[in-house]
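To start, the structure itself, in structure tokens.
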Amino acid sequence: MPEKIKTSEITDEATYLNRRNFIKAGIAAGSLAATTSAFRFFSPAGSNAPQPPELAEVKRSGPSSDGLTPNTWEEITNYNNYYEFSTSKSAVAAKAEALVTRPWTVEVGGMVQKPKTFDIDELLKFDQEERIYRFRCVEAWSMVIPWVGFPLKKLIDSVEPLGSARYVAFQTKYDPIRMQSSFSAGIDFPYVEGLRLDEAIHPLTILATGLYGKQMPNQNGAPIRLVVPWKYGFKSIKSIVKIMLTDREPPTTWNQASPEEYGFYSNVNPDVKHPRWSQASERRIGEIGMRPTMPFNGYVDEVASLYSGMDLKKYF
Ligand code: MTE
């Protein structure tokens, strides 16, 4: 079991710098490049941007964190997809300031024994762990993000699913007054997503409540969003208000918008081409050049068995 330590000791960016980047960056050499990277890591972003409060307590680390260098706070919070606010990735952060995240409840129900509506503060008291995951968007960019959250399984277990439940349906808050791009974004709202129940209770699947030890910034899906690291980013639905267990495959926003381009499963798969572009490589934000995309986003060992016997070109 990971030891419990205070958030302030582990997750600010300077600590990341010490732990992962500072020495590698060769600051002592005093080169221009080193100075630039020191500046980059020490001055978290858009320094005027509002900084969310720290999470009270966070357990360190989790599966698949080894060897991954996280993107900076600035990169993670200024290059976002959140169509309710804007279809421009660089515009989301400012527009999402309008999102009201208190009070906030998450209704969990459907095919369960004990349906319950959780207050967000109750969910923030679930054991919070830091998990450094690769995150890959469908448009061929990727990041490494130090999410903080808890396994979705914990929430699902607490409402006691019926034996007949097979899928989990998720829904984002819909507030057309504040979500001003919602009439022109070209997709229907509220944003909805779905997972098979076995995917939902997989240990890699988390409900994230923060990143870098702080509460989730609005643009990244405050106050609580899904993270499914072996699937394309659009499965990781933001600002969730409803989670329903069901026996039917639930509708998903991008599949409804363009079924030939976006399947229900959307597992990261370099062998399945998107009709308009290859999915074989990706650009890690902050890097020059492309790197090859890994099957299941690098989590083959953990998740491939969920799909044994399935034709993943058909069920893309
Ligand atoms: N959730 C909602 N409600 N609305 C969205 O537009 N975009 C998705 C996903 N979740 C989206 C969403 C897409 S396409 C991606 S790549 C990720 O959020 C981006 O998450 P990030 O901005 O935290 O990197």
Scan segment 294-316 residue by residue and report those that are part of a loop (DSSP other than H, G, I, E, B) and either closer than 19 Å to PRO229 by Cα or under 22 Å from the mean Cα position of the chain (by Cα) (or both). MET294, TYR299, SER308, LEU312, TYR315, PHE316
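Only one of these is closer than 21 Å to GLU282 by Cα and surrounded by fewer than 22 Cβ atoms within 10 Å (Cβ to Cβ): TRP254, TRP230. Name it. Talk me through it step by step, then tell me what you get.
Values: TRP230 fails: surrounded by fewer than 22 Cβ atoms within 10 Å (Cβ to Cβ).
Of the residues listed, the single one that is closer than 21 Å to GLU282 by Cα and surrounded by fewer than 22 Cβ atoms within 10 Å (Cβ to Cβ) is TRP254.
I want to confirm something. Restricting to segment 235-249 and keeping residues that are surrounded by fewer than 21 Cβ atoms within 10 Å (Cβ to Cβ) and either of a type outside the set (A, V, I, L, M) or at pLDDT below 95 (or both), which single residue is nearest to VAL112 (Cα to Cα)?
As a first pass, look at segment 235-249 and keep what is surrounded by fewer than 21 Cβ atoms within 10 Å (Cβ to Cβ): 241-242, 244, 246-249.
Narrowing further to those that are either of a type outside the set (A, V, I, L, M) or at pLDDT below 95 (or both): 242, 246-249.
Working: LYS242: 14, THR246: 9, ASP247: 11, ARG248: 14, GLU249: 16 Å.
Among residues in segment 235-249 that are surrounded by fewer than 21 Cβ atoms within 10 Å (Cβ to Cβ) and either of a type outside the set (A, V, I, L, M) or at pLDDT below 95 (or both), the one nearest to VAL112 (Cα to Cα) is THR246.
Specify the residue that is surrounded by the most Cβ atoms within 10 Å (Cβ to Cβ); the eligible residues are those in segment 263-316 that are of a type in the set (Val, Ile, Thr) and without any contact (Cβ under 8 Å) to a residue 12 or more places away in the chain.
Of all residues in segment 263-316, those of a type in the set (Val, Ile, Thr) come to 268, 272, 285, 288, 293, 300, 303.
Then keep just the ones that are without any contact (Cβ under 8 Å) to a residue 12 or more places away in the chain; that gives 288, 300.
Working: ILE288: 6, VAL300: 12.
Restricting to residues being of a type in the set (Val, Ile, Thr) and without any contact (Cβ under 8 Å) to a residue 12 or more places away in the chain, the top hit is VAL300.
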If only one of ASN255, ASN297 is touching a strand residue (DSSP E or B) at 6+ places or on another chain (Cβ under 6 Å) and at pLDDT 95 or above, which one is it? ASN297
So, in segment 114-150, of the ones that are touching a helix residue (DSSP H, G or I) at 6+ places or on another chain (Cβ under 7 Å) and hydrophobic (A, V, I, L, M, F, W, C), which residue ends up surrounded by the fewest Cβ atoms within 10 Å (Cβ to Cβ)? PHE126
Can you tell me which residue is farthest from the chain's Cα centre (by Cα) among those in segment 144-166 that are farther than 13 Å from TRP230 by Cα and of a type in the set (A, V, I, L, M)? LEU162
Which of the residues spanning segment 247-296 are out of contact with any Leu (no Cβ under 9 Å at 6 or more places or on another chain) and among the hydroxyl-bearing types (Ser, Thr, Tyr)? THR252, THR253, SER258, TYR262, SER266, SER278, SER281, THR293
The one condition ARG166 fails out of (1) within 16 Å of the ligand (Cβ to nearest atom); (2) basic (Lys, Arg); (3) touching a strand residue (DSSP E or B) at 6+ places or on another chain (Cβ under 8 Å) is (1)
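Rundown of residues vs (1) touching a residue at least 40 places away in the same chain (Cβ under 8 Å); (2) within 18 Å of ALA56 (Cα to Cα); (3) touching a Leu at 6+ places or on another chain (Cβ under 6 Å); (4) within 13 Å of the ligand (Cβ to nearest atom), yes/no style:
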| residue | (1), (2), (3), (4) |
| --- | --- |
| ILE132 | yes, no, yes, no |
| MET143 | yes, no, no, yes |
| GLU160 | yes, no, no, no |
| ASP188 | yes, no, no, yes |
| HIS202 | yes, no, no, no |
| LYS214 | yes, yes, no, no |
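Any residue at all in segment 82-96 that's charged (D, E, K, R), in a helix (DSSP H, G or I) and surrounded by 14 or more Cβ atoms within 10 Å (Cβ to Cβ)? Walk me through how you get there before you give the answer.
In the first step, residues of segment 82-96 are kept if they are charged (D, E, K, R); the result is 84, 89, 95.
If we keep only those that are in a helix (DSSP H, G or I) as well, we get 95.
Among the residues that remain, those that are also surrounded by 14 or more Cβ atoms within 10 Å (Cβ to Cβ) are: 95.
Yes, there is a match, as at least one residue in segment 82-96 is charged (D, E, K, R), in a helix (DSSP H, G or I) and surrounded by 14 or more Cβ atoms within 10 Å (Cβ to Cβ).
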Given the conditions (1) more than 8 Å from the ligand (Cβ to nearest atom); (2) buried (at least 23 other Cβ atoms within 10 Å of the Cβ), which single one is not true for PHE183? (2)
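The values are calculated or read from the model by the stated rules, or taken from the named source; none is laboratory data. Values in this document were obtained by computation on a predicted structure and should not be read as measured data. Backbone-built Cβ (ideal geometry, glycine too); neighbour counts: all protein chains shown.
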